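Working notes for the structure below.
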Amino acid sequence: MSTATATTHNDDAHHHGPEKGLMRWVRTTNHKDIGTLYLWFSFIMLLTGGAMAMMIRLELLAPGLQYVDPQFFNSLTTMHGLIMVFGAIMPAFVGLANWQVPMMIGAPDMALPRMNNWSFWILPFAATLLISSFFVEGGAPGSGWTMYAPLSTTYAPKSMDFVIFAIHLLGFSSIMGAINIIATITNMRAPGMRLMDMPLFVWTWLITAFLLIAVMPVLAGAVTMMLTDRNFGTSFFSAAGGGDPVMFQHIFWFFGHPEVYIMILPAFGIASQIIPTFARKPLFGYASMVYATASIAILSFVVWAHHMFLVGMPIEGQLYFMYATILISVPTGIKVFNWIATMWRGSMTFEAPMLWALSFVILFTVGGFTGLMLGVVPADIQYHDTYFVVAHFHYVLVTGALWAIIAGVYYWFPKWTGRMYDEKLAKIHFWWAVISVNVLFFPQHFLGLAGMPRRYADYSIQFTDFNVLSSIGGFAFGASFILYAYILIKGIVAGKKVEENAPWESATTLEWVIPTPAPYHSFETPPTQEQIDRASQHIHTH
Amino acid sequence: MGIQMKNTKKTLSSVNIFAKRFVSSIIAISSFLFAFNAYANFGLNTSNGYNMPRGVTEMSHQIYDLHMIIFYVCVAIGIGVFGVMGYSMYKHRKSKGSKAANFHENIKVEIIWTIIPLIILIIIAIPATKVLIEREDVSKADINIKVTGSQWKWRYEYMDSDAKGISFFSNLDKRSREQLQTSIDTGVSPSYENYLVNVDNRLIVPTGVKIRFLITASDVIHSWWVPDFGVKQDAIPGFVNATWAIIPPGKEGVYRGECAELCGKDHAYMPVVVEAVSQEEFTRWVGEFHNAKKDAQKNANKEWTEKDLMTAGEQAYGSYCAACHQATGKGIEGIFPSVVDSAMVIGDKKELAMQILNGKGAMSAFRDQLDDAQIAAVMQFLRNGFNKVGDITQPSEVKAWR
């Protein structure tokens, strides 16, 4: 009797679709709705941070100060960094996780749907608080996204307190998102799906979520100490009161280094889904991919001081951090080799997701090379705090993390919307972006080596030519996002309808066994063992 | 330093100036198109414009060599990896009729591509360790120079023998400041070849001896960088870092560098300029410096006219105060207070003098940067240039308060 009642009740649930109107988005607990919210939010933040980057490149178009004053320039670089890291890249990956993780493990939704809603809805408020710092007396903070004390404490405008609270809120959101992802992956996998059957994207996100839980509280601690130094007379970071400004850097980078892996591990996961699909061949070295991801995550906790080789560390410290840092290139190299071995003797086609994924592999590797160079301490003496560093981290974050996000969006677009984006326009978008982004960032290597420090509002005239080149590339790259937005909106509104479950013929993971577009509630009955086995082809094709 | 803060809204609403700015940007673009190879070694920077300068010291040579080694290692790996990848992208495409194989692991290959990178890393780490150990050996220095970074200038103090007691500040030079102001006012880009890499007072050092730089800061973190020496070290308030350089004899000349750690508004405007001179020249300079200082002390005791004070005050304000309080005296709301109609400025003379001498909050102490005559002159300019107090401050008064 009670069983029958339960079934009837469930049947009701099956038939209810999304709520109508605006309240659907406010009250939603559906992982797909929340994923959509995350993705649009991060796209808006990307354009906001991008607009700031355009202003930075405009000022750097010529030596002298033509457009902004240096204080405002510093605010721009600071807010560009904070918005891109916390507003664009991280929420975009959480959005992808929300959409994809439940579908890829054959689960109906995230494990904690109400918390999921809250994790998202904190973000717009945090972003508003962050951006409103521009309108506070004294302007937005100009101490860089790294917020080094005492420039961020004694010497910062009032708006720094806004940024501190915004970071607290962003931290809450990230931690809740991470808990949700861990709970979902550990508890909600389809019966019969073992950990080593999970798609790489799910694996990389599981590991990333642990990193988030471990380090976001550390950042919260660092900014809270800043808050009390600023307002309540403590001296954590002031030598005059017995504190130490370098301690801030240690705490910040203990968060900051795992943070850069938080932004790249899910990107590895996306590349590991796309390349096998378009090479029509199983991922090479699945197990070693998982172990390499885990090793990178563990190593990321023990290399933080390579961001601060010039603060006057003891030589033993410098040597240790150099060795540990360059060691990371081993598991990272394994991943690159595995992707290439996946391509080897495949049957490749080059649709937009594949183009973005392959250029991700190449350009991320370029960023990896400069990372290796930066890890060698004596050479870092010259590279440190120059445009060489700027070039390095934009190669790993723009042509690394952002590239993978764009690749993922094109890849899963038909599954999400039930329509196909315009392939021809997407190819134009790709070539436009990949050329302009290299015109933008490659000359910055030269600028840095020739001696231009980063975070400079103005420069000596010997640096003019490469800055002009970089700015031209910057404007072209910025404009490519107008095309991107057009392609997405055109695809959603008027794209060709996709009928088949798997528009990419050789895509095997579980999101491709359900109808297209993915129904509001998917996997209300778990996938069959056969479907799971086919999805995890890496194990069962022995 | 007289960077005038400009009202961004006002500037942007002026179509005329915006157009001028854009024209200057276009000029910059065409200079790039037509003169890509024309620029080379402004100043004595030994950089070729796109690679790290080899520099002039043994240490900078070692760093350069290490940089080139890792660079070529990366290039070699890159050629290998991207070569294989490119071959595969060309050869293993469906349109060429490639049929997908089904292999998905190979323990032997995976072990090989774990071991080989490890060996490469060890090969890189050995020379890197050697150079690092040498760099960290700051013992047995012949002379010691204390370098203090403050917003936005450097202070140099000589610690040994004859040169002991020599101490001065090094600010961005006047010509750079003028060209910067021109670019703000009219949008015309600076054309001066040493724009932003020249200072009023250079650090003078002898060649052929081991110079130990003791680096610290008085407010926020800075970083003292001279690329040609292979020297860069963070200047941290409350802590002293040491590094060193030996400039070989025969390499006398001017070496230019910059502040490398974000230190606030005028981070880009506090260059480092070092002039390396022979031992004899250095001894002569030390003597001259001591003599000049005696002359300056005489100034403090004489009675100044109001006019002389105002002139000297305006100049000193431009060099030392305008970076924060702005050329208009109105400061920047919320960060740098206005000196116009400020109760502090028009109030008690002694209190004002004490704040200039000792600093307060984010404002640094000017006790060591300005002599009595300069402080009196600045006070005269503050009280009777920006404000109308109608009094006179003599250097002798400042001397008594100091």
- Quick one: Karplus J couplings for the range B:357-364, per residue in order, coefficients 6.51, -1.76, 1.60, θ = phi - 60°, nearest Hz, x for Gly and Pro? 5, 9, x, 6, x, 7, 7, 7
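Once you keep just the Cα pairs under 8 angstrom separated by 6 or more residues, what percentage relative contact order results for chain A?
Working: 845 pairs, mean separation 91.9, N = 542.
Relative CO of chain A lands at 17 percent.
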- Item | Amide H contacts under 5 Å for A:Met348, placed H, 5+ residues apart | B:Arg93, B:Lys94
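Given the protein assembly as shown, what percent of its DSSP beta bridges are antiparallel, to the nearest 5? All intermediate terms of the calculation are to be shown ahead of the outcome.
Values: 34 of 47 bridges.
About 70 percent, rounded to the nearest 5.
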- Query: Counting only residues 5 or more places away or on other chains, whose amide H sits under 5 Å from the amide H of B:Val272 once H atoms are built in the peptide plane?
  - Reply: B:Gly257, B:Glu258, B:Cys259
- Task: Take the alpha-carbon centre of the range A:381-398, take the same for the range A:401-438, and report the distance between them in whole Å.
- Result: 26 Å
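In whole percent, what relative contact order does the range B:143-294 give with Cα contacts below 8 Å and a gap of six or more residues?
Working: 361 pairs, mean separation 39.7, N = 152.
Averaging sequence separation for qualifying contacts and normalising by length gives 26 percent for the range B:143-294.
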- Contour minus Cα-Cα span, B:Asp65 to B:Met354, at 0.36 nm per residue, comes to 98.8 nm
- Query: For A:443-456, what's the mean count of beta carbons from other chains sitting within 10 Å of each residue's beta carbon?
  - Reply: 5
- Enter the accessible area of A:Ser238 (Å², nearest 10), with the probe set to 1.4 Å and all protein chains included. 40 Å²
- Task: Note the angle between two axes, namely the Cα long axis of helix B:372-381 and the longest principal axis of the Cα atoms of chain B, as a number of degrees from 0 to 90, rounded to the nearest 10.
- Result: 80 degrees
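Kindly sort A:Arg27, B:Arg212 by accessible area of their heavy atoms, largest first, with the probe set to 1.4 Å. Don't jump to the answer; show the numbers that get you there.
On the way: A:Arg27 140, B:Arg212 55 Å².
So the residues, ranked largest to smallest area, are A:Arg27, B:Arg212.
Keeping all protein chains in place and using 1.4 angstrom, which order do A:Leu169, B:Leu309 fall into by accessible surface area, from largest down?
Details: A:Leu169 50, B:Leu309 0 Å².
Sorted descending by solvent-accessible area, the residues read A:Leu169, B:Leu309.
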- Of all DSSP beta bridges in chain B, what percent run antiparallel (nearest 5)? 70 percent
- Return, ordered by residue number, the residues of the range A:95-111 whose backbone nitrogen is under 18 Å from a label point located 7 Å along Cα→Cβ of A:Glu19. A:110
- Message: Can you compute 3J(HN,Hα) from phi for each residue in the range B:247-263, using the Karplus curve 6.51 cos²θ - 1.76 cosθ + 1.60 with θ = phi - 60°, rounded to whole Hz and x for Gly and Pro?
- Response: 8, x, x, x, 9, 4, x, 9, 10, 10, x, 8, 7, 10, 10, 3, 10
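Counting protein heavy atoms only and a 1.4 angstrom probe, how many square angstrom of accessible surface do chains A and B bury in total, to the nearest 100? Walk me through the intermediate numbers first.
On the way: alone 21780 and 23060 Å², together 35060 Å².
Summed over both sides, the interface buries about 9800 Å².
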- Just name one of B:His267, B:Asn144, B:Gln279: the one whose Cα is farthest towards the positive end of the charge dipole of the range B:143-294 (beta-carbon charges, Lys/Arg +1, Asp/Glu -1). B:Asn144
- Do you know the relative contact order of the range A:102-162, to the nearest whole percent, from alpha carbon pairs under 8 angstrom that are 6+ apart? 28 percent
- Note on the structure: Placing each pseudo-label 7 Å from Cα in the direction of the beta carbon, A:Asn187 and A:Trp118 end up separated by a distance in nanometres of 1.5 nm
- Note on the structure: Taking a crude spin-label model, label points 7 Å out from Cα along the C-beta direction, the B:Lys293 to A:Met55 distance in nm is 4.6 nm
- Query: Roughly how many whole Å is it from the C-alpha centroid of the range A:85-152 to that of the range B:248-276?
  - Reply: 40 Å
- Query: Which of B:Trp285, B:Trp244, B:Trp154 moves the most in a Gaussian network model of chain B with Cα springs under 10 Å?
  - Reply: B:Trp285
- Item | Charged-residue dipole, Cβ positions (Lys, Arg, Asp, Glu), chain B about Cα centre, Debye nearest 20 | 1440 debye
- Message: Just to confirm, what accessible area per residue do you get for chain A at 1.4 Å probe, in whole Å²?
- Response: 31 Å²
- Cα long-axis angle, helix B:107-135 against chain B (0 to 90 degrees, to the nearest 10): 30 degrees
- Message: For B:Glu314, A:Glu59, give me the order by solvent-accessible area with a 1.4 Å probe, most accessible first, ignoring ligands, DNA and RNA.
- Response: B:Glu314, A:Glu59
- Taking only Cα atoms, what is the 0 to 90° angle, nearest 10, from helix A:245-262's long axis to the longest principal axis of chain A? 30 degrees
- Task: With viscosity set to 1.002 mPa s and temperature to 20 °C, compute the Stokes-Einstein D of the range B:143-294, Rh being the Kirkwood radius across alpha carbon pairs; µm²/s, no decimals.
- Result: 134 µm²/s
- Note on the structure: Scalar couplings 3J(HN,Hα) for the range B:141-153 by Karplus 6.51 cos²θ - 1.76 cosθ + 1.60 (θ = phi - 60°), nearest whole Hz, x for Gly and Pro, are 7, 7, 9, 10, 10, 8, 10, 10, x, 9, 5, 10, 7
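Give me the inter-chain shielding for A:348-357: mean count of other chain Cβ atoms within 10 Å, whole number please.
Values: counts 11, 3, 4, 0, 0, 0, 1, 0, 0, 0.
Average per residue, whole number: 2.
Calculate the translational D of the range A:234-294 in whole µm² s⁻¹ from Stokes-Einstein, where the hydrodynamic radius comes from the Kirkwood formula applied to all Cα pairs, the temperature is 10 °C and the viscosity 1.306 mPa s.
Numbers: Rh = 14.7 Å.
Estimated diffusion coefficient is 108 µm²/s.
If you wrap a convex hull around the alpha carbons of the range B:300-401, what volume per residue comes out, as a whole number of Å³? Each step should come with its number before you reach the end.
Working: hull volume 8.9 nm³, N = 102.
Here the figure is 87 Å³ per residue.
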- For A:Arg419, distant residues with modelled amide H under 5 Å away: A:Val498
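Mind ranking A:90-100, A:195-205, B:61-71, A:395-405 by how tightly packed they are, going by the mean number of other C-beta atoms within 10 angstrom, highest first? Can you show the working numbers first?
Numbers: A:90-100: 27.6, A:195-205: 23.1, B:61-71: 19.2, A:395-405: 25.5.
The most tightly packed comes first, giving A:90-100, A:395-405, A:195-205, B:61-71.
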- Among the lysines, select those whose C-alpha is under 22 Å from the C-alpha of B:Lys360, and discard any that sit fewer than 8 residues away in the same chain. A:Lys158, B:Lys153, B:Lys265, B:Lys330, B:Lys349, B:Lys350, B:Lys399
- Message: Between A:Tyr323 and A:Ser132, what is 0.36 nm times their sequence separation minus the Cα-Cα distance? Round to one decimal in nm.
- Response: 64.5 nm
- Can you list the GluC sites (Glu not before Pro) in the range B:136-198 that are in a DSSP coil and have 14 or fewer other beta carbons within 10 angstrom? B:Glu193
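The values are calculated or read from the model by the stated rules, or taken from the named source; none is laboratory data. Quick caveat: nothing in here was measured; it's all calculated off a predicted structure. Glycine gets a Cβ as well: all are built from the backbone with ideal geometry, and neighbour counts include every protein chain shown. Ligands, DNA and RNA are stripped out before the accessible areas are found, and what is left, the full protein with its side chains, is counted by its heavy atoms. Shrake-Rupley method; radii C 1.70, N 1.55, O 1.52, S 1.80 Å.
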